[in-house]
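The values are calculated or read from the model by the stated rules, or taken from the named source; none is laboratory data. Note that the coordinates shown come from a computational prediction; the quantities given were computed from them, not determined experimentally. Here Cβ is always computed from backbone atoms with ideal geometry, including for glycine, and neighbour counts include all displayed protein chains.
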Amino acid sequence: MKFRVQLLLCGGLLLSSLESQSAQNLSDDSRASLNVEISAKVSTDRPRKSGPETQSERSQSTSKFVTVDGTRLHFVIKGEGRPVVLIHGNPGSGQDWTRVFGPLSGLHKVIAFDRPGHGRSERPKHIDVTVEVQARLLHDALKQLHVERPIVVGHSWGGALALVYAINYPQEVAGVVLVAPAVYESQDGVSLVTELPAVPVIGDAVNFVLTPLLAATFVRSALKKAFSPDPVPKNYLRSVLSEWTKAKKVKAYSLDEASLNDSLKQFSPRYPEITIPVSILAGDSDLIVPEKKNAERLHQVLPKSRLILLPKTGHQIPFTRSQAVVDEIERIQKLSRVRTL
């Protein structure tokens, strides 16, 4: 009886915590669009390689895997020119950048990254996959892909990763664009469930049993909150459900959320070290990551940064205001070019 009560309590906590992570997967229409861009199917039967693994050499867009420290990481790449690395939030995948990917690839080499445990990327099993660890894995993978001095773009949780990347590899980044960034400690939505997935029995039971049963109700409300004041795109709910009900993905999302505050406590005092061009986009109606506590606060400690506050805009800026994201990347590109002259 005690175990059953604990299990039900943990299930409630899980749903409460997931609400704080924002809905950042694709609608079916968007997913189909990026699949056309990629023009390649992933084969799960291919052997592992130490170097980049190309799924389609002949298509303009390629789906590639890179193995770093035994972990297979997935990227989608298209275009030529100054490289732009796109980092999604939590939960999500590289496909979250569908509406940005196409327009950017006409001028840049665009690299959409599936963070460890998300999308098609594996997650290391024997280390804590903190923001700093993910920055290192991304850095080492980009070296294998021969990507030099990219503009790094991060949405939500990915904004923290972009900043840590810029702090740890200051000479290897041309500029940073942050989109609705979650870059300061917050207790919003944090509960005991942030540590729950690491508990072998209870955590696995919640993931495998309760999440598939109860996710639909939560996802509807979470999506509405994430896109507000814009409507949720058609067919988006079905696509998100297909991801959020996978136990391994839910565990990755929860572990990332659990580790974020400690990483931000460590690195946020170092934000003023960043001297490369930085643009920050935020929505004035963001219900997931309050812009005053994150975007505006960061702008104050980075006086040379540029803050764009988008009116009547929520958290899902890569979907709802994709052109604003493209415009800021282009602006950072021009600034970085001037700095190198």
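Filtering region 291-310 to residues that are under 23 Å from GLU257 (Cα atoms), touching a residue at least 12 places away in the same chain (Cβ under 8 Å) and not in a helix (DSSP H, G or I) leaves GLU291, LYS293, ASN294.
Considering region 309-339, and only residues there that are touching a strand residue (DSSP E or B) at 6+ places or on another chain (Cβ under 7 Å) and among the basic types (Lys, Arg), the residue that is surrounded by the most Cβ atoms within 10 Å (Cβ to Cβ) turns out to be ARG321. Do the conditions hold for ILE274, that is, is it hydrophobic (A, V, I, L, M, F, W, C), in contact with a strand residue (DSSP E or B) (Cβ under 8 Å, 6 or more places away or on another chain), within 25 Å of ILE308 (Cβ to Cβ) and surrounded by fewer than 22 Cβ atoms within 10 Å (Cβ to Cβ)? Taking the combined requirement at face value, the residue satisfies it. Residue-level check: of (1) modelled with pLDDT of 95 or more; (2) part of a loop (DSSP other than H, G, I, E, B), ILE280 misses just (2).
Every residue, every condition in (1) in a helix (DSSP H, G or I); (2) surrounded by 24 or more Cβ atoms within 10 Å (Cβ to Cβ); (3) touching a residue at least 24 places away in the same chain (Cβ under 8 Å), yes or no:
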site: ASN90; (1), (2), (3): no, yes, yes
site: ASP96; (1), (2), (3): yes, yes, yes
site: ARG99; (1), (2), (3): yes, no, yes
site: PRO124; (1), (2), (3): no, no, yes
site: VAL129; (1), (2), (3): no, no, yes
site: GLN134; (1), (2), (3): yes, yes, yes
site: ASP140; (1), (2), (3): yes, no, yes
site: VAL153; (1), (2), (3): no, yes, yes
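Which ones in region 124-153 are of a type in the set (Asp, Glu), at pLDDT 95 or above and farther than 14 Å from ILE167 by Cα? ASP140, GLU148 - these are the residues of region 124-153 that are of a type in the set (Asp, Glu), at pLDDT 95 or above and farther than 14 Å from ILE167 by Cα. GLU185 meets the stated requirement of being charged (D, E, K, R), closer than 29 Å to LYS304 by Cβ and part of a loop (DSSP other than H, G, I, E, B).
A count restricted to region 234-245 and to residues that are surrounded by fewer than 19 Cβ atoms within 10 Å (Cβ to Cβ) and under 20 Å from GLY158 (Cβ atoms) stands at 0.
Taking the criterion of being basic (Lys, Arg) and in a helix (DSSP H, G or I), the residues of region 215-261 that qualify are ARG220, LYS224, LYS225, ARG238, LYS248, LYS249, LYS251. Per the listing GLN171, GLN187, the residue uniquely surrounded by fewer than 24 Cβ atoms within 10 Å (Cβ to Cβ), over 14 Å from the mean Cα position of the chain (by Cα) and modelled with pLDDT of 95 or more is GLN171.
When region 311-327 is limited to residues that are among the charged types (D, E, K, R) and touching a residue at least 40 places away in the same chain (Cβ under 8 Å), the one that is farthest from VAL177 (Cα to Cα) turns out to be LYS312. Residues in region 237-252: is at least one of a type in the set (Asp, Glu), modelled with pLDDT under 95 and within 18 Å of the chain's Cα centre (by Cα)? The answer is yes, given that some residue of region 237-252 is of a type in the set (Asp, Glu), modelled with pLDDT under 95 and within 18 Å of the chain's Cα centre (by Cα).
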